[in-house]
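For reference, the structure is listed below as structure tokens.
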Amino acid sequence: MDALRIMRDPISRRRFFAGAGVTLAGGSAMFAAACGDDDETTEGGDAADSSSDIGILNSALALELTAIEAYTKGAPLLKGRVLAAGKEFLIHEQEHADGLTQAIKQLGGTTDAQAMKLDFSGLRNQDDVLRFATNLENVAIAAYVDALPKLSSPDLRATAAQIVTNEAEHVAVLQLALGNQPAPDAFVTGDANALA
Amino acid sequence: MSKDRLTIVDGECDTALVTDYEATRREAVRRGIVTGGAVIAGATIPTLLRVGRAFAQSDGDGAVLESAVGLEQTAVVVYDTAFKSKLLEKPLALAVRLFRDQEQEHADALSQALEDLGGTPPEPPTSAEVKGLGSVRSQEDILRFAVELENMAVMAYVDAHMKLQSPELLKTGTQIMANEGQHLVLLRQALGASPAQSVPSAFEAGIDPAS
């Protein structure tokens with residue numbers, strides 16, 4: 001069973017992950033720590049490639065877990081169609097987390113990611129949540145853009161591209177809800193320092 | 001949204017790349033994915049048909065780039081035609097103009113990358129060469145055509161991420177694909193999708209779910 005291909009196929013994916021639950025433990029790791037120094041992409045699944053991929057995927061998983069927490073914490077401040085979007089995005093982040101977890105396991109790794117410790121106390125209204133979510137999404141986008149070329153498997157790279165495009169679409173919706181331009185940049189880079 | 005099924009009309013399919021995209025689209029249709037009734041010809045991506053350069057039949061980065069340049073050039077023409085059509089309400093016209101400019105940036109960057117590899121970018125299509133574009137008669141027609149084109153682009157970039165070897169090209173491809181997704185958000189909302197509906201998939205694949 002190829003977990004990555006199933007993850008990308010919209011019909012098979014829902015069947016595959018229906019009812020799946022994941023237990024996670026251990027420390028977190030950001031992309032910078034997880035990635036190796038090689039500048040070349042490589043095909044195949046030797047031990048070094050798998051180890052590197054597992055590290056990158058765990059870092060991505062940490063970001064997805066953080067997004068899950070953010071959308072969960074922010075939901076009570078959202079209303080109407082924005083709330084509906086927030087709930088949908090929470091589902092997406094959970095699907096990302098589930099998919100990454102399955103990919104890590106398929107590579108023979110263990111999931112050791114945890115959500116980042118963020119302070120949500122400053123969120124007072126819908127606009128605060130929208131701006132916070134935008135910043136978090138932009139951190140994730142920057143991390144994925146940087147890490148994707150370091151993934152050794154074509155399937156992993158394609159899946160990561162689909163995830164980051166979804167995150168960019170989240171940003172577009174959040175920005176529209178704030179009354180801002182949804183697609184200001186021809187090359188979406190995210191912002192690694194958006195939460196600084 | 002209309003529940004009309006997407007109709008794919010066989011056009012000239014004389015490259016492996018076009019065959020791959022056609023197969024992908026037919027698979028999507030077979031699985032019951034419907035769009036808003038847009039009709040798209042197999043030859044709607046004309047520069048794929050005109051890819052006859054040295055890289056055309058290879059699997060290298062050059063072949064991927066040629067295809068991508070063609071798609072972006074087509075998108076420029078589509079959005080430029082749309083902007084100048086006077087069929088769009090003003091806020092949408094301004095958005096479409098921005099998208100045209102962004103697609104041009106994509107085309108320029110990818111063309112430069114192709115030249116750096118020793119390749120030659122294809123000539124941009126004329127609006128008459130983009131089959132189906134001449135049939136658009138309304139704002140809704142334009143939006144549906146643009147959604148279909150952007151979906152094709154996303155599919156192509158998913159495929160590109162599996163084929164590209166250069167880390168720099170992969171990074172650029174990701175950044176471009178993400179922008180195309182943002183275009184889709186605005187187009188979907190302009191067609192009546194709610195904010196939640198405008199991002200239908202956790203893994204953007206360039207396939208709109210059945211409505």
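Key figures
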quantity	calculated
Meets criteria (over 20 Å from B:ALA156 (Cα atoms) and either within 7 Å of another protein chain (Cβ to nearest Cβ) or touching a strand residue (DSSP E or B) at 6+ places or on another chain (Cβ under 6 Å) (or both)) for A:VAL173	yes
Test: residue in region B:111-130 that is within 13 Å of the chain's Cα centre (by Cα) and either within 30 Å of A:SER153 (Cβ to Cβ) or in contact (Cβ under 8 Å) with a residue 60 or more places away in the chain (or both)	yes
Residue in region A:102-111 that is within 13 Å of chain B (Cβ to nearest Cβ) and either at pLDDT below 95 or assigned to a helix (DSSP H, G or I) (or both) present	yes
Of residues in region A:176-191 being surrounded by 19 or more Cβ atoms within 10 Å (Cβ to Cβ) and out of contact with any His (no Cβ under 7 Å at 6 or more places or on another chain), the one nearest to the other protein chains (Cβ to nearest Cβ)	A:VAL188
Top-ranked residue in region A:117-165 [being of a type in the set (Phe, Trp, Tyr) and either within 14 Å of chain B (Cβ to nearest Cβ) or touching a residue at least 60 places away in the same chain (Cβ under 8 Å) (or both); ranked as surrounded by the fewest Cβ atoms within 10 Å (Cβ to Cβ)]	A:PHE132
Qualifying residue in region B:186-208 (condition: in a helix (DSSP H, G or I), buried (at least 24 other Cβ atoms within 10 Å of the Cβ), of a type in the set (S, T, N, Q) and within 8 Å of chain A (Cβ to nearest Cβ))	no
Residue check, B:ALA160 within 7 Å of chain A (Cβ to nearest Cβ), under 28 Å from B:GLN112 (Cβ atoms) and either modelled with pLDDT of 95 or more or surrounded by 23 or more Cβ atoms within 10 Å (Cβ to Cβ) (or both)	no
Single unsatisfied condition, A:ASP119 versus (1) out of contact with any helix residue (DSSP H, G or I) (no Cβ under 7 Å at 6 or more places or on another chain); (2) assigned to a helix (DSSP H, G or I); (3) among the charged types (D, E, K, R)	(2)
Filtered residues of region B:118-137 (kept if surrounded by fewer than 16 Cβ atoms within 10 Å (Cβ to Cβ) and assigned to a loop (DSSP other than H, G, I, E, B))	B:GLY118, B:THR120, B:GLU123, B:THR126, B:ARG137
Only one of B:GLU105, B:GLU140, B:GLU148 that is in a helix (DSSP H, G or I), of a type in the set (Asp, Glu) and at the interface with another protein chain (Cβ under 8 Å from one of its Cβ atoms)	B:GLU105
Residue in region B:170-183 that is under 17 Å from the mean Cα position of the chain (by Cα) and more than 30 Å from A:SER152 (Cβ to Cβ) present	yes
Residue match in region B:91-98 (condition: more than 14 Å from chain A (Cβ to nearest Cβ) and modelled with pLDDT under 95)	no
Any pair with Cβ under 6 angstrom, 6 or more apart, that starts in region B:150-172 at a residue that is in contact (Cβ under 8 Å) with a residue 12 or more places away in the chain and ends at one that is polar (S, T, N, Q) and not in a helix (DSSP H, G or I)	B:GLN165/A:THR41
Filter result for the condition that a residue is away from chain A (no Cβ under 11 Å) and touching a Lys or Arg at 6+ places or on another chain (Cβ under 8 Å), over B:GLY119, B:GLY132	B:GLY119
Residue pairs meeting the criteria (Cβ under 6 Å; at least 6 apart or on separate chains; first under 14 Å from B:ALA95 (Cβ atoms), in region A:176-192; second surrounded by fewer than 18 Cβ atoms within 10 Å (Cβ to Cβ) and modelled with pLDDT of 95 or more)	A:ALA186/B:GLU105
Residue within region B:82-101 that is assigned to a helix (DSSP H, G or I), surrounded by 22 or more Cβ atoms within 10 Å (Cβ to Cβ) and not hydrophobic (A, V, I, L, M, F, W, C) present	no
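The values are calculated or read from the model by the stated rules, or taken from the named source; none is laboratory data. Please read all numbers here as calculations on a predicted model, not as lab measurements. Reconstructed Cβ throughout: ideal geometry from the backbone, glycine too, with neighbour counts over all protein chains shown.
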